[in-house]
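Below is one structure, written out as structure tokens, with a few remarks after it.
Values quoted throughout were computed directly from the atomic coordinates according to the rules given, and no laboratory measurement underlies them. Computed from a predicted structure; not experimentally measured. No Cβ is skipped: glycine too gets one built from the backbone with ideal geometry, and neighbour counts run over all protein chains shown.
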Amino acid sequence: MAWPVPSLQPYRQRILLRAAFLSLAAATVGLAISVLQQEKQLSYQSYAQSFRKTQDQLGATLRHPTGQLALLNPPAAAPGSELHPLLLPFPALDFDDQYKVQQAVAMSGCLAQVGEHGSICTGIGNNPWAGGFIYVAGTFDSAQLVPHPKREVSVDQAHRVVLKVAMRGAQYHWIAPFEQPVEGVESRGGMQGRLTGFTAADAGRPNARPVRDFRGWIWQSPVCTDAAMPPDDARCRHSTFFSLRLPVGVLQDALFDKARPVWPPEDLDKIGVHLAVLGPGDGAPLLDTARDRVAPGFRLTDLRAQLLPGETLRISKTGGPELLRLEGAADSTATASPLLARLVRRLPVTASDAPLTGSMVIATPLGNYTLELHGDARSVNQNLSVVATRVSWFVGAMLGALLLAWLVVEVGIIRRITALTRRADSVAQTVKGSSELAQQDFSDLRGQDELGVLARCLQDLLRRVREDAEREAIRAEQERDMWHAVGHEIMSPLQSLMALHGAEGNQSKRYIERMQQAVRILYGSASPSEAFQSSAMQLEDVDLDAFLQSVAANASCAGIAGVRYDGPGAAVMVRADEHALEDVITHILQNAARHREAGSAIRITLEAGERNAAVAIHNQGMPIAEEMLDKVFEYGVSSQDGGAAGSRGQGLFVAKTYMAKMGGTITAHNVAGGVAFTLNLQRS
């Protein structure tokens, strides 16, 4: 017994629509997985490149004086309440040269921020034979410096620097007042002078002698830190830079007691330095390292910011133990979905999961340091899983939107379309011809929504379509018959005129040929604009200079008087259709003659370039409105209302169309005293 096979034809659209929604959902999931796979592949490649860049950046950072400063000083030494000198990447500081000191401390990163407006750098040179000196340099803001007068016993009425150094049980205490080389004289670039160092016990005593090896200089800027404030204002604050060299006897004795001194000192991080800058009187210090917070400078631990999760940096002195080990910090706030993390790990890529390694040697004045960087490209999976988790809501939203759209279409549209389809099929069965379309009744399917409007307008639409089609067919046939008749009646007299005036050299022949070409273009077309746009050009080499001379000489035959041509007098060959080009120029001349001042001439000029030739036709008269300079070339645009005097707004449209077909352009622009039309043609 054969079972009948049910036909799927009635359900084809519904099956197709549901399959489309299912395909969209599958494509959305597939696209997301494909993008994840591509991103994983790109991320693996990018990570390998980034690893090499990170290695190069770390090397460049540590080869810079700032990195050298961090390498030469103990990694565990972190700024606290007490200031410690650093081992500088220079043998010594040229402390008495302002710009050299500023450049050295700024480039090495030794200059640390103190408070809001101060900075300080303390350090020792990397060459032990430069002497056991501690260098101190820094800046602070203050009013105009008050110098310590010579032969004045008290130092409290001048700006002064107080320094204390504690090392190996020894205490050093100096007071250095500001003294100018010549009292009361200011330099052109601001104030500058010495900081003469006295021990705290001798300061303020009569005939006190300064410390012999203590050296100090101070420079004050002449401008205010607030640029809007004049320098003579009592509230003006100046930026002041100082540089000091402190003789530390303990360091100097240790250097000369041993044949091979230990340098830098092993207890460098235990040397305490305190500096305070005091103004005249007993006011609060302008700068005080014990009071103000000293911001930490660059340290090796700051390199952790350049490491990605999974990367490890080891720094050790060549041949020595490990000094520092840094690991890239993972983002603890980022969470990844376990399902997506498992999916990302399973996505196949061509990149290798092997760890990446690299090493380099950094040379310093006191030895070489080895950097070893270890990376693991598998950390890309974790980062990609975090990103995929953050954007997974977007894929979920797309799937939800597809489901909602399917429900809306299924419940609100498909059911009603099914009913409308059944009705339309019933209507199709009853229609016997196009004349019966308007007799069908769709009133029971009308409603307020889109499908109701569709049913309500279906009957009127079919009737209007049929009537419009019939009217259009009748109109097109009538226009075609009219042009056939006009062409037929004109071509016969033109053939007779050609027989009478067709001799070579007869000027009438040119105009008869132009009339025949115009009739052939329009003959058999539904509308003039379509005829002009579908016309074909026969391009040939034309001597534009001779052609324009002929046009100007024969312009009076076309009823256009006063045409003057000014050309180079030599052949200018261009690619053009001679008849079409003559039509273009004639149309422009007719417009120029209609709008020129009475008795004025129309001037034609020719300029030849390497690739193009430009023809300018100028008449004296009223200019064209700016908004009409481009519109005058549109079909039907005329300055004479209602087509007066036979004007149909067709001439300039024909000119632009013909110029475009010849590979040229035409533009109109207002000039002094009138209007100029410019034709550009390609040279042959």
Report task. Determine the relative contact order of the range 536-682: mean sequence separation of Cα pairs under 8 Å and six or more apart, normalised by residue count, in whole percent. Result -> 25 percent
Query raised in the report: For the pair residue 556 and residue 374, how long in nm is the line joining their label points, each one 7 Å along Cα→Cβ?
Result: 10.5 nm
Query raised in the report: For the range 77-298, what is the relative contact order in percent, using Cα pairs closer than 8 Å and at least 6 residues apart in sequence?
Result: 29 percent
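Restricting to DSSP loop positions (anything but H, G, I, E, B) with no more than 14 other Cβ atoms inside 10 Å of their own Cβ, which trypsin sites (Lys or Arg not before Pro) remain in the range 90-181? Let's see the in-between values first.
Details: sites: 100, 150, 151, 160, 164, 168; in loops: 150, 151, 168.
Of the trypsin sites (Lys or Arg not before Pro), the ones in loops of the range 90-181 whose Cβ has at most 14 other Cβ atoms within 10 Å are 150, 151, 168.
Under the Kirkwood approximation applied to all pairs of distinct alpha-carbon atoms, what is the hydrodynamic radius of the range 77-298 in Å? Show your work: numbers first, answer last.
Details: mean 1/r = 0.0556 Å⁻¹.
The answer is 18.0 Å.
Quick check: convex hull over the Cα atoms of the range 536-682, volume per residue in Å³, rounded to an integer?
Numbers: hull volume 16.6 nm³, N = 147.
Per-residue hull volume (Cα only) is 113 Å³.
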Report summary line: Counting only residues 5 or more apart in sequence or on a different chain, those whose built amide H sits under 5 Å from that of residue 211 are 197, 198, 199
Query - Rg in Å to one decimal, and Dmax rounded to a whole Å, for the range 244-378 via C-alpha atoms - result: 24.3, 77
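With charges set only on the Cβ (+1 for Lys and Arg, -1 for Asp and Glu), what does the dipole of the range 77-298 come to about its Cα centre, in debye to the nearest 20?
With only Lys, Arg, Asp and Glu charged at Cβ, the dipole is about 460 debye.
If contacts are Cα pairs under 8 angstrom and at least 6 residues apart, what is the relative contact order of the range 196-253 in percent? Show your work: numbers first, answer last.
Details: 68 pairs, mean separation 18.4, N = 58.
Dividing the mean separation by the residue count of the range 196-253 yields 32 percent.
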